[in-house]
């Protein structure tokens, strides 16, 4: 919220209208309001709160601030304009309030207007509210702050700075709770927890009812349903297997019967086709003749066409020869006609052209005569118009002069009537006062009649209220009696003993525990059975491992012995090799000597015995090779033996480990068995620990006892639920009756209050009637004093007469004004008529002269035209000459065309004669050739004459049908023979009777009935399984939900206990205090250049942290005056901004503090702090009378004190 403008008048020391331009004041972010003590500085803040909320908090509030009214004024007016929002959403509002006193000094109803201005959006202003209460509520909704929050957030009163700083922790928390309404959080959360707990209990009850409604939905019932479904499915599968055998047999028999039937049909169709062989042979012969005629027909057509063309060409040749002579004669006649036409045109054309030129000039003279005649007509019409205008102007001049004389007479009459219609001021004032007194007297009488009617109506309402109160009391007594009866019935129902919730929960708990015990027992038995199988397997594995270990031990020993023998053999061969090397060393050295290389013994490079063979070298070399081969084979044998030994040892080690593991598993199995026996004994002991009837020895006995106890508990629970439902029904009925009784009692109390109110209204009405009677009497006396001898009924007549005279006088004045305008108009018209008359006469003379001149010109031209044309129009003469010329030229053109056409016709006939001669020769040759080809074709096809060919060709349309018929016959015969062979192969000599086929169908129908019944049983069983599975899933979900809801209920009960106390609200208050301290520390650091900070101590008190003293923490009680002021100011700013953030952003802050008590040094610190606190969107206003502060302020609003019994306080804006 940003202030824009404030207007005030009649408030405290301000009499005249004063305006504060906050928009200008807030531009620098810091401004001050200065003036002497009592000049009205704080009144500016009072005017803002009065405009916004209709109250002045400094004076104790109230809905009509009469105390702020200036003693010399009758009204208080305040108007405050402000803006809300940011960016495009920013809007401007104006709130106006006016309070005042009537003539008797009583309070008047305040006038209020809340206006949304269109100055920012360009839209028209809109009045949002015009009633005081509604306007105040709208302001609170717009700003988001109540009056108390606004005064705490915007105005810091004098002497209240350090109060919040020095409060104790509990008092400060209570203050924060009141200020920020923190108790609402505790109440709402507690209510939400209670509501959630009730919903949880109701949901648990609903789930329990739904679980009971599911019936048997446990695993055993589900397993039984699944077993029934499997049996039905097996039966269906057996029938399905039987179906395949029956279906195949029935299909085979039906196929054989169908083949037999088809074979009979095919054989019958073959007999029918054999009967058609002769007809098909005749069709085949006809097809050959038709095809031959089709082949000859083009030759016949060609010969006939050539014969016809040969005849026609011969005739055309004879005709061309006869036409050639006629064309020659026509050409000679056309040339003679052309010579005649050319001679006539040459003789007459020059004379006709000369006559045409003379008539063209005569035609121009005719146009000039016509133009002169038209101009004469125009001048004659204009002369007539001028004459008529002159006559009319003279008549209008005469009428205007008579109208001026009439106006003089009417003007004198209007002056006399105006004098008679005037009314004296004394008489007008007397009649007006008498009429006002009469109206006041009539209003008082009307008010008296209305009050008397209200009194009668109040009496009627009192009687009705008395009767209503009696009826309501009687109905309440009846309702109270019914409530007492219902309480007795409920008490009787509550006296019946039922299984308590503790017994129900204990029994359910025991069953649940026994179910767990049974599960453990079954698991123990299953584990022991599994252990038996496991033990047998372990013993078998142990025997196998021992046997394997023994076998591998013997194998290792054998491998080691074999390896030792191979090593001994290898050692003997090596010794023998060494002996051989010693014996054959010289040969060995000789074999390795190479020419040019040193001898390893003597060093010589020449070896003369190299390559020479020794007689015994061959045998020694063979012995050495044999020895080397034996050594190599022995080494391989040793290596193989060692590998075999290593593999055997590796397998032996593995077998030994396997044997050890088997022995360990055997030992573990024994320990496991002992543990299983101990667990089973513990389960039995746990079961026996619940006493009878749970002291059983076998698992089957436990199952039987569990089922019996579960059934009994379900029956008891059903009885308990039925009794509980009856109690709940009685309780609901009791609640309904209690609500009815409360409602009836409330109606009775309401009727009593209405009766009391009606009596009060009647008393007040009687008092108002008495006051109205006195007022009417006083108004009558005042009326008599004013009217004097004037009768009451004459007052309105006299007043209406004055009005009539006033209206008449106004009408006369209007008429006189119109008459003055009329006289001016008449004078202007007379002068204009005289001027027009002179103009008309001048134009009449000029037109006469012009008409005479045009007449002489026409007569001269007309004489010349008669001489040239002889009185005949020139256009007619020209037309005749043009017609004669065109006729001569047309005759010459036509003669020339005829001559040319005759020559062309003669040439064309000559060409046709040559062409016909040539064509006839060609056609004679072609005709002869065509006749020879046709004769040859007749001989080849067997036709005797052309007529026979024509007759056969005429029937050619039957050829496609005949071909199709023959082809269809051939195709059908082949298909039937193929079908006969196929069916004979398929039947393969088998036969089937009708009785055998019926027997197979009966067996199939019997199977279908059995299969349908089996399918029905499967569908029913499947539906039952699906329903059981669905119920079982729902049963599991409900069980899980009940467990979850039990946990939720436990948590909600704990939360309920927590929120019933005030610990949560106190926690929120402490957190809010920490937030405020953090913001205050931020402002304090800005004011003190980061020297001081504000924190919360261990016990919730404020502590000052002094960074200048190494971060030492000091209690607020040790602060100096200046430090206390700065700390309090920072805390007040933080508190103000916190309140503003809670209800909507306020963009200004007023500080009304006594700066006069501060020393100069501290004052300098405060001013530096305030200047550092300036922000872009936040303005601080200071109210003071200290000159040093006034000098430091960039914007100043100076208040000039009011003058005694004179001018009020005034405001003036000062800027640097």
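Descriptive notes on the structure:
- Hey, residue 1055 surrounded by 13 or more Cβ atoms within 10 Å (Cβ to Cβ), touching a helix residue (DSSP H, G or I) at 6+ places or on another chain (Cβ under 7 Å) and part of a helix (DSSP H, G or I) or not: yes
- For residue 65: the one exception among (1) at pLDDT below 85; (2) within 21 Å of residue 1178 (Cα to Cα); (3) buried (at least 22 other Cβ atoms within 10 Å of the Cβ): (2)
- The set of residues from the stretch 509-525 being under 56 Å from the mean Cα position of the chain (by Cα) and either touching a residue at least 24 places away in the same chain (Cβ under 8 Å) or outside the structural domain of residue 683 (by TED's automatic domain parsing) (or both) comprises 511, 513, 515.
- Residue 285 passes every criterion in (1) closer than 30 Å to residue 882 by Cα; (2) exposed (fewer than 14 other Cβ atoms within 10 Å of the Cβ) apart from (1).
- Among the residues of the stretch 1177-1216, the ones that are within 28 Å of residue 10 (Cα to Cα), within 58 Å of the chain's Cα centre (by Cα) and free of Cβ contacts under 8 Å to residues at least 60 places away in the same chain come to 2 in all.
- Test for residue 702: is it touching a helix residue (DSSP H, G or I) at 6+ places or on another chain (Cβ under 9 Å) and under 30 Å from residue 490 (Cβ atoms): no
- All positions within the stretch 916-952 that are part of a helix (DSSP H, G or I), farther than 11 Å from residue 300 by Cα and in contact (Cβ under 8 Å) with a residue 60 or more places away in the chain: 916, 917, 919, 920, 923, 924, 926, 927, 941, 952
- Residue within the stretch 249-258 that is in contact (Cβ under 8 Å) with a residue 40 or more places away in the chain, closer than 30 Å to residue 1020 by Cβ, touching a helix residue (DSSP H, G or I) at 6+ places or on another chain (Cβ under 9 Å) and in a helix (DSSP H, G or I) present: yes
- If the condition is being over 22 Å from residue 1185 (Cβ atoms) and crowded, with 22+ Cβ neighbours inside 10 Å, then the stretch 4-48 contributes only 10.
- Exactly one residue among 506, 468, 482, 489 is part of a helix (DSSP H, G or I) and either free of Cβ contacts under 8 Å to residues at least 12 places away in the same chain or more than 59 Å from the chain's Cα centre (by Cα) (or both), and that residue is 506.
- Matching entry among 831, 896, 844 (being closer than 30 Å to residue 402 by Cβ, surrounded by 15 or more Cβ atoms within 10 Å (Cβ to Cβ) and out of contact with any strand residue (DSSP E or B) (no Cβ under 8 Å at 6 or more places or on another chain)): 844
- Residue in the stretch 81-127 that is surrounded by the fewest Cβ atoms within 10 Å (Cβ to Cβ), counting only those that are free of Cβ contacts under 8 Å to residues at least 24 places away in the same chain and within 16 Å of residue 144 (Cα to Cα): 86
- Test: residue in the stretch 1150-1161 that is in contact with a helix residue (DSSP H, G or I) (Cβ under 7 Å, 6 or more places away or on another chain) and modelled with pLDDT of 75 or more: yes
- Checked against the criterion of being part of a helix (DSSP H, G or I), surrounded by 13 or more Cβ atoms within 10 Å (Cβ to Cβ) and on the phi < 0 side of the Ramachandran plot, the candidates 774, 758 yield just one match: 758.
- Search result, residues across the stretch 380-396 that are touching a residue at least 40 places away in the same chain (Cβ under 8 Å) and under 20 Å from residue 836 (Cα atoms): 382, 383, 386, 387, 389, 390, 393, 394, 396
- Residue 1025 being in a helix (DSSP H, G or I) and within 30 Å of residue 1131 (Cα to Cα): no
The values are calculated or read from the model by the stated rules, or taken from the named source; none is laboratory data. All values reported here derive from a predicted model rather than from experimental measurement. A quick note on method: Cβ atoms are made from the backbone with ideal geometry, for glycine too, and the neighbour counts reach across all protein chains shown.
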